1. Using Cβ contacts closer than 10 Å as the measure, can you line up 66, 117 from fewest to most?
2. Tell me, 58, 156, 37 in order of fewest to most beta-carbon neighbours within 10 Å?
3. By counting other Cβ atoms within 10 Å of each Cβ, how are 141, 63, 16 ranked from fewest to most?
4. Name the long-range amide H neighbours of residue 34: under 5 Å, sequence gap of 5 or more, or other chain; modelled H, no Pro or chain starts.
5. Any idea which of 166, 87, 115 is furthest toward the positive side of the dipole for the stretch 4-166, if Lys and Arg beta-carbons carry +1 and Asp and Glu beta-carbons -1?
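We did not get these values from a lab; they are worked out from the coordinates using the rules stated. Just so you know, these numbers come straight off a predicted model, no measurement behind them. All Cβ positions, glycine included, derive from the backbone under ideal geometry; neighbour counts span all protein chains shown.
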Amino acid sequence: MPHPGRIAFISQSAALCASVLDWASEAGIGFSAVVSTGNMLDVDFGDLIDHLGSDPQTRSIILYMESVKDARKFMSAARGFAKAKPIIVLKAGRFPESAEAAFSHVGVLCSEDSVYEAAFKRAGIIRVEAVRDLFNCAEALSMQQRPKGPNLTIITNAGGPAIIAAEPS
């Protein structure tokens, strides 16, 4: 059983879910909820984001995703909560070979990765590219309060990173 915490984890892969739980237990990171969806026959990402977005125990949501069945519901839920509660996603199937493997795993054809990339950006979802990045985000989110209001200060020694940091997500 995971330690109690403020991060919700939703995974389309039971094996990856188990790995994240093992890592989190060793790192002392807890979860408000852990859901392994499998093929999402009855509950999908949109349903879960709606539920967890309203959950006062959940401060952020991390996802491992291979495909989305109901894009409209997913986008609506994600856009509704991503500004208040960070949503971090590791989307598998970025390349033709891995998209084919994802199809054989969940039985849903993955769209072009650029479609997912644009959708995530539009919804305000933060995308990571590796499992270690998902771990790092989970660890950072577990330790840090989310900044509130206009009182955030960004200190940098370079113009480019300052410009990127100042852009709304």
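1. Values: 66 25, 117 14.
In increasing order of surrounding Cβ atoms, one gets 117, 66.
2. Exposure proxy ranking, most exposed first: 156, 58, 37.
3. Numbers: 141 21, 63 25, 16 18.
Least to most surrounded, the residues fall as 16, 141, 63.
4. HN-HN under 5 Å from residue 34: 9.
5. 166
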